[in-house]
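Okay, so here's the structure we're looking at.
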Amino acid sequence: MINSYLPPKVWMMENENGGQWANINRPVSGPRFEKPLPVGEHPLQLYSMGTPNGQKVTIMLEELLALGIREAEYDAFLIAIGNGDQFGSGFVAINPNSKIPVMVDRSVEQPVNLFESGNILFYLAEKFGHFLPTDLPGRINALNWLFWLQGAAPFLGGGLGHFYVFAPEKLKYPINRFAMEVKRHLDLLDKQLAINKFITGEQYSIADIAIWPWYGNLVLGNIFNATEFLDVQQYQHLLRWADFIAQRPAVKRGRIVNRIQGEEWERIRERHSASDIDNALSKYPK
């Protein structure tokens, strides 16, 4: 017999809705306490956490620095979302939606506030002229896949990730529903990469930088511990791409910024200079 849930006529938040994030989730927006954000010395100020969405931006910044673009130097301050840092007044002033990552570009006369990871990638690509093709078909294709990721990732993170990993009880219907959709995504990416070196062709772009932290990390076993559950070994082209991207020096550097979990060498709470990452990576076991 299937247990059925009858929604109330008017939904009200329960005091205990369960799950890992129950202590911070609320049905209202806005700041919950006064807390200004720190400001470092570099042109770009990032406030984030080393989740897949946060990794997109730090990977992009490290890729730009690897090209010798010193104007891409940045300070990365940790926003511990489990503690509710994203609801401080300073953070909400930049992003009223209270989600990481956010960035402030102070290199311009009127500082620019940026939120939504895909928008930050696009802004940086436009600002510095890298990782976004200049020809119209190539540019549109990269943006097609960038926006695809922004719509697809919630099915993986808030969908499968929540119900398979974080929900207080395992429920068959939502897990099956989101697993089916995620496997469709994996099949889609695998077929795309069967005919392309990178997501959009022969050129590494913000599409790869956006998609890898979610789907690359997933198939490599870095998030959700679901490789066997999703039978990821069948997606050989996607695995080839995921491993290839993971070996890029800038990806190795960017993925560990603002992380608070993992081995000692892959946890950098804050980044203010290249030496912060160098020191952490020097502890990698040989």
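Values quoted throughout were computed directly from the atomic coordinates according to the rules given, and no laboratory measurement underlies them. Just so it is clear, the structure is predicted and the values come from calculations on it, not from any experiment. Virtual Cβ from ideal backbone geometry, glycine too; neighbours counted across all protein chains shown.
Taking the Cα centre of each part, how many Å lie between region 197-259 and region 120-167?
13 Å
For the chain, give the share of DSSP beta bridges that are antiparallel, in percent and rounded to the nearest 5; count only bridges with both residues there.
60 percent
Quick check: net charge around LEU189, other residues with Cβ under 12 Å of its Cβ, Lys/Arg +1 and Asp/Glu -1?
Surrounding charge for LEU189 is +1.
Taking 8 Å as the Cα distance limit and 6 or more residues as the minimum spacing, I'd like the relative contact order of the chain as a percentage.
Computed over the chain, the figure is 21 percent.
Order 244-252, 207-215 from most to least packed using the mean count of other Cβ atoms within 10 Å.
Ranked by mean Cβ neighbours within 10 Å, highest first: 207-215, 244-252.
So what J values fall out for region 251-261 if you push phi through Karplus, 6.51 cos²θ - 1.76 cosθ + 1.60 with θ = phi - 60°, rounded to Hz, Gly and Pro as x?
Running phi through 6.51 cos²θ - 1.76 cosθ + 1.60 with θ = phi - 60° gives 5, 4, 7, x, 6, 9, 7, 6, 8, 10, 10 Hz.
How do 46-57, 270-281 rank on mean C-beta neighbours within 10 Å, highest first?
46-57, 270-281
For q = 0.06, 0.11, 0.12, 0.14 Å⁻¹, what log10 I(q)/I(0) does the chain give under the Debye formula with an equal point scatterer on each alpha carbon and no solvent?
Calculated log10 I(q)/I(0) at the listed q: -0.20, -0.68, -0.82, -1.10.
Report the local net charge at ALA250: Lys and Arg +1, Asp and Glu -1, summed over other residues whose C-beta lies under 11 Å from its C-beta.
My count for the surroundings of ALA250 gives +2.
Mind listing the long-range amide H neighbours of LEU37? Cut-off is under 5 Å, sequence gap 5 or more, other chains count too, H placed in the peptide plane at 1.01 Å from N.
Result for LEU37 returns GLY90.
Add +1 for every Lys or Arg and -1 for every Asp or Glu among the other residues with Cβ under 14 Å from the Cβ of HIS237, and state the total.
Here the charged neighbours net out to -1.
Note the per residue figure in Å³ for the convex hull of the C-alpha positions in region 136-248.
Hull volume normalised by residue count: 88 Å³.
Tell me which residues come under 5 Å, amide H to amide H, from GLU73 once H is placed; ignore anything under 5 positions away on its chain.
Result for GLU73 returns nothing.
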